[in-house]
Amino acid sequence: MGELVKKKVKVIKVNLGKCNGCRYCEIACAAFHANPRYSSINPARSRIRVVTDIYNDELVPIRATDYSKAECDGRRVYTVGDKEYSECSFCGTICPARDLFHEPDSGLPLKCDLCESDPPQEEPLCVQACARDALTYEEKEVLVEAEDEAQVRPAEMELGLRSLIDKYGVAALTDTFARMKKG
Amino acid sequence: MRYAETGFNLEVDLTKGNIERVETDPKLTELYLGGQGTAAKLFWDRVPPEVKPFDPENLLMFSAGLLHGTPVPGANRTSVNTISPATGLFGHSLMGGFFGPELKYAGYDKIIIRGKSPELVYLWIHNDKVEIRDASHLKGLGINETTKAIRQELGEPRAQVACIGPAGENRVYTASIDCGWSSAARGIGPVMGDKRLKAIAVRGTKDIYVAHPQELYEECRKMYKKINDSDGCGDWMAVDEDDSFHHNNFAWGNARTRIKNYWSAELQERWTRWKYDNMDRQMGCFACPKGCINVISWQDKPRFAYKCYGKDTYHMAAFKELDYTYGMLGKAINYGLDSYSTAQLLAFAVELYEAGILTDKDLPNFPKDSGDRILYLMEMVVHREGIGDTLAYGITKAAKMIGKGAEKYDHNTVKGFEQLPIKLGKLNPAYFLMIATAEKMAITQIEGSFPQDPLPTIEERQKFCDEWEAVPHGSKFKQYFMEWEKRNEISDDRTCEIVDWNETMHYVDDSTGLCGFVSSFRGQFGGKVAYHLNNVPKFVTLATGIEFDTDGLWEIARRNRTLIRAINNRLGLRRIHDRPPEDHWAVRDEEYEQKLLSQYYEFRGWNMDAIPTKETLYKLKLDYVADELIERGILTEDDSDKEKAL
């Protein structure tokens with residue numbers, strides 16, 4: 001057993017009943033993550049998307065979580081009240097089954113970083129934007145086993161590299177990297 | 001770099017199957033802003049008056065607003081314009097929802113459709129990839145089925161689909177164009193049907209840039225919160241279940257019968273239960289926190305949604321209750337029918353039957369029940385069966401075709417288009433001008449900034465004025481409101497100014513794409529509307545990088561209003577057409593009304609035949625309009641003689 005340490009856990013809670021489907025969270029996210037900040041608006045670059053099917057009265061804001069090179073079987077269907085939801089409606093995985101959470105120019109995955117920034121934001125931008133409180137933010141302190149410091153990863157870069165490896169293979173990526181380093 | 005707008009229009013020729021992406025002139029933004037403003041300019045340039053509504057040369061134009069796709073909350077109304085078959089004039093139509101912003105993200109400010117396709121087709125716009133696709137398998141499908149089928153076959157659940165139902169395909173004059181739960185009404189659907197264009201599907205994943213990103217974003221976030229927290233904007237009918245106003249004051253049937261004490265607490269309780277027991281949600285439009293769209297699952301019928309007075313039209317046409325409308329709406333909306341004008345048209349037909357003008361021969365097995373009758377007629381009109389083929393031309397044209405005195409029952413149209421069923425006692429000067437001179441065919445698209453009614457006490461008026469942020473700086477509207485005692489008693493000068501303010505705010509919205517419920521329509525109720533002439537310039541400036549102030553915006557609105565009047569003048573509109581329905585008010589005074597009309601024309605810088613003068617047009621940088629009107633003999637070089645003569 002490793003040593004127990006305090007860790008801050010950040011949670012964005014979603015209240016589906018309060019969402020009106022206006023997608024302002026997408027605008028906030030896309031604007032905040034534009035480079036330079038706020039310089040462009042494009043919901044396709046947002047790391048939160050409102051999955052919308054009005055005929056099923058379905059509005060579900062989901063955030064991009066993990067990258068996967070493969071589709072899942074995607075066969076699970078949940079009925080809530082009288083509405084049928086596909087598992088994909090709640091799934092934040094960045095996968096090839098849909099065009100969500102892929103950067104529109106490069107196709108690279110876009111992952112929610114809870115708006116980590118310097119100086120830090122009080123709340124992630126989507127939560128700040130959602131005046132309807134469909135999105136709310138909580139920080140909790142929990143005790144967890146201490147992780148090996150060496151395991152800390154620069155998350156976004158690694159995510160991108162992993163998807164490039166999946167797409168082109170390690171050899172092609174290494175060659176490109178070597179060539180660019182030379183140049 | 002173009003800010004707020006994309007700088008490109010999509011030109012589609014359905015006859016040739018030609019598609020072009022055309023760069024636009026940035027100067028037009030400074031002069032007309034965008035949306036319907038720039039659309040009007042294109043209509044003037046490209047659709048001469050010789051073009052009839054169903055000619056291939058007529059354009060069908062979808063315009064995103066200037067602010068669509070930016071973070072400006074409530075910017076989501078797309079304008080759809082064409083030369084309307086019902087009126088023969090420039091058709092004004094707007095829909096909220098998501099279409100305009102998606103179009104901007106696809107890289108276009110407008111879609112300009114010309115020509116006619118030989119077969120039923122739909123347009124698929126995915127950023128730079130644009131295709132005209134076969135739609136023969138979608139023939140006759142409703143709005144919902146069409147949308148689902150297109151999304152499925154494209155594999156694009158996020159595509160926004162603007163389409164027509166069977167009503168539009170069959171060129172029913174009251175057909176709408178619908179996108180999701182939003183509907184573009186007032187007679188543009190038949191033109192899309194005539195062009196054999198079933199739908200336009202758009203998906204966009206491009207960037208929109210604004211001139212001052214951080215500042216604009218901060219302002220927008222505050223505005224979004226303000227709109228959310230305010231009861232001064234949004235559709236109050238979505239939250240206030242006391243709907244005595246429409247039921248006690250509007251006229252039922254064919255705009256015929258007022259039932260003054262209709263509303264009761266017992267009825268309100270019952271209707272509230274019907275609504276909330278069957279309501280799934282109140283949805284919003286793009287970038288707006290309000291929930292104006294009531295989404296209803298009624299019995300075993302498919303889900304539908306309505307907004308505002310759309311809740312009342314069918315049961316008021318049929319002398320029924322809310323459950324009747326709920327039973328009708330799903331079907332009617334799915335057919336692609338405008339809930340406002342269609343309900344009027346069907347009630348008109350019922351009256352013709354009751355008057356013996358339409359008979360059992362025209363309406364075989366016509367039901368006894370008033371609700372069944374409206375449903376029966378709706379089916380005939382949508383499919384153009386029997387007498388439905390005539391009724392499908394709308395009240396004014398159908399009345400002429402039917403003859404036998406049917407024209408007498410066409411008593412609630414203006415310039416050939418069905419109006420809200422309002423019949424009142426004493427003439428209201430501002431409303432007289434707004435309805436008479438209207439080019440938009442609906443009072444809700446004209447009224448809205450100055451309150452409808454005075455407040456009884458000085459203290460109440462003072463409090464209202466103290467909190468009235470929307471009053472344009474430098475104007476005298478606070479003074480007018482303070483001195484206003486009786487609804488119908490206000491000087492003609494002031495009436496003209498009030499009408500001007502009301503109209504101006506709408507023309508601003510029509511070009512920016514802001515929704516009337518947070519802007520032009522809503523200030524008249526309570527005065528605490530989110531957008532007004534004092535703050536819209538700030539948003540437009542931050543978004544576009546072009547400096548605008550209140551006066552500058554006002555001038556653009558005046559230019560756009562005048563340009564649309566000139567388009568209609570070129571199509572034949574004159575003073576004699578500027579009339580409200582003859583029985584809109586029980587008490588009329590022709591002499592006074594004509595005097596007021598003259599004063600309004602003078603105020604607007606129009607001649608006494610309701611045409612903008614050369615001087616006015618030149619002042620508004622519409623010299624090309626003046627020159628053509630003169631060349632065509634519609635306007636003379638100097639109108640002063642003509643004015644005296646009249």
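For region B:1-94, which trypsin sites (Lys or Arg not before Pro) are both in a DSSP coil and crowded by at most 15 other Cβ atoms within 10 Å? Show your work: numbers first, answer last.
Numbers: sites: B:Arg2, B:Lys16, B:Arg21, B:Lys27, B:Lys41, B:Arg46, B:Arg77; in loops: B:Arg2, B:Lys16, B:Arg77.
Of the trypsin sites (Lys or Arg not before Pro), the ones in loops of region B:1-94 whose Cβ has at most 15 other Cβ atoms within 10 Å are B:Lys16.
Taking all protein chains in place and a 1.4 Å probe, what share, in percent, of the accessible surface of chain B do carbon and sulfur account for?
50
What net charge do the residues around B:Leu553 carry, taking every other residue with its C-beta under 12 Å from that of B:Leu553, with Lys and Arg at +1 and Asp and Glu at -1?
Summing Lys/Arg as +1 and Asp/Glu as -1 gives -3.
Give the dimensionless ratio obtained when the Cα radius of gyration of region A:4-146 is divided by 2.2 N^0.38 Å.
In units of the globular-protein estimate, region A:4-146 measures up at 1.10.
Anyone know which of A:Ala134, A:Ala146, A:Ala64 comes out most mobile in the 10 Å Cα GNM of chain A?
Judging by the Gaussian network model, the answer is A:Ala146.
Under a 1.4 angstrom probe, counting protein chains only, how are B:Ile546, A:Ile62 ranked by accessible area, largest first? Can you show the working numbers first?
Working: B:Ile546 40, A:Ile62 10 Å².
Result of the area sort, largest leading: B:Ile546, A:Ile62.
So what is the accessible area of region A:1-92 per residue, in Å², with the probe set to 1.4 Å?
49
Quick check: net charge around B:Arg203, other residues with Cβ under 11 Å of its Cβ, Lys/Arg +1 and Asp/Glu -1?
Once all neighbours under 11 Å are counted, the net charge is +1.
Cβ under 11 Å from A:Tyr24's Cβ, A:Tyr24 left aside: what net charge do those residues give with Lys, Arg +1 and Asp, Glu -1?
+3
What Kirkwood radius, in Å to one decimal, follows from the Cα pairs of chain B?
The answer is 24.9 Å.
From a point 7 Å beyond the Cα of A:Leu161 in the direction of its Cβ, which residues of region A:65-86 have a backbone N at a distance under 19 Å?
Zone members listed by number: A:66-69.
Per the helix-only calculation at 222 nm, which mean residue ellipticity applies to chain B, given -39500 (n - 2.57) for every DSSP H run of n ≥ 4 and division by its residues, nearest 500 deg cm²/dmol? Walk me through the intermediate numbers first.
Details: 25 runs with 257 residues, N = 646.
So the calculated ellipticity at 222 nm is -12000 deg cm²/dmol.
On a 0 to 90° scale, report how tilted helix A:155-168 is relative to the longest principal axis of chain A, with both axes built from alpha carbons and the result rounded to the nearest 10.
With rounding to tens, the tilt is 70 degrees.
Ignoring ligands, DNA and RNA, what percent of the accessible area of chain A is carbon or sulfur (1.4 Å)?
C and S atoms contribute 52 percent here.
Kindly give the semi-axes, whole Å and largest first, of the ellipsoid equivalent to region B:411-564, taking each as the square root of 5 times a Cα gyration tensor eigenvalue. Don't skip to the end; give the middle numbers.
Values: eigenvalues 118, 93, 32 Å².
So the equivalent ellipsoid measures 24, 22, 13 Å along its semi-axes.
What accessible surface, in Å², does a 1.4 Å probe find on B:Glu57, ignoring ligands, DNA and RNA and rounding to the nearest 10?
100
Give the accessible surface of chain B per residue, rounded to a whole number of Å², with probe radius 1.4 Å and ligands, DNA and RNA excluded.
Normalised by residue count, the accessible surface of chain B is 35 Å².
Over 25 Å between Cα atoms, which of B:Lys41/B:Lys440; B:Lys129/B:Lys195; B:Lys226/B:Lys311; B:Lys226/B:Lys275 qualify?
B:Lys226/B:Lys311; B:Lys226/B:Lys275
Under a plain spin-label model, where a point goes 7 Å from the Cα along Cα-to-Cβ, how far apart in nm are B:Thr257 and B:Glu467?
Roughly 4.0 nm, to one decimal.
Which trypsin sites (Lys or Arg not before Pro) from region B:472-553 combine a DSSP loop assignment with at most 14 other Cβ atoms within 10 Å?
B:Lys476, B:Lys486
Please list A:Arg179, B:Arg114, A:Arg75, B:Arg565 from largest to smallest accessible area, probe radius 1.4 Å, with all protein chains kept in place.
From most exposed to least exposed: A:Arg75, A:Arg179, B:Arg114, B:Arg565.
Could you tell me what percent of the DSSP beta bridges with both partners in chain B are antiparallel, to the nearest 5?
80
So how much accessible area does B:Met608 have, in Å² to the nearest 10, using a 1.4 Å probe?
Estimated to the nearest 10 Å², B:Met608 gives 20 Å².
For q = 0.06, 0.10, 0.11 Å⁻¹, what log10 I(q)/I(0) does the protein assembly as shown give under the Debye formula with an equal point scatterer on each alpha carbon and no solvent?
Values returned for q = 0.06, 0.10, 0.11 Å⁻¹ are -0.40, -1.09, -1.33.
Would you list the P(r) distribution for region B:350-471, with all Cα-Cα distances sorted into 10 Å bins from 0 and each bin expressed as a whole %?
Result returned by the calculation: 11, 30, 24, 17, 11, 7, 0.
Amide H to amide H, which residues 5 or more places from B:Ala184 or on other chains are under 5 Å from it, using H placed in the peptide plane?
Hits under the 5 Å cutoff: B:Ile177, B:Asp178, B:Cys179.
Once both labels are modelled 7 Å past Cα along the beta-carbon direction, what's the B:Gln599-B:Asp627 spacing in nm?
Roughly 3.7 nm, to one decimal.
Could you sort the residues of region B:250-285 by number and keep only those whose accessible area is reduced by 40 Å² or more in the all-protein-chain setting relative to the chain alone, 1.4 Å probe?
Residues meeting the cut-off: B:Arg281, B:Met283.
Heavy-atom accessible area of A:Lys7 with all protein chains present, probe 1.4 Å, nearest 10 Å²?
100
For the interface of chains A and B, what total accessible area is buried with a 1.4 Å probe, rounded to the nearest 100 Å²? Present the calculation step by step, with values, prior to reporting the outcome.
Working: alone 12400 and 24190 Å², together 33150 Å².
Rounded to the nearest hundred, the buried surface is 3400 Å².
Mind listing, in residue-number order, the residues in region A:30-78 that have at least 50 Å² less accessible area with every protein chain present than in their own chain alone (1.4 Å probe)?
A:Tyr38, A:Ile41, A:Ile54, A:Tyr55, A:Asp57
Before rounding to the nearest 500, sum -39500 (n - 2.57) across all DSSP H runs of length at least 4 in chain A and divide by the residue total; then give [θ] at 222 nm in deg cm²/dmol.
Working: 4 runs with 41 residues, N = 183.
Estimated from H runs of four or more residues: -6500 deg cm²/dmol.
The values are calculated or read from the model by the stated rules, or taken from the named source; none is laboratory data. It should be emphasised that the depicted structure is a prediction, and the values quoted were computed from it without experimental measurement. Cβ coordinates were reconstructed from backbone atoms using ideal geometry, including for glycine residues, and neighbour counts include every protein chain displayed. Note: areas computed on protein heavy atoms with side chains; ligands, DNA, RNA excluded. Shrake-Rupley method; radii C 1.70, N 1.55, O 1.52, S 1.80 Å.
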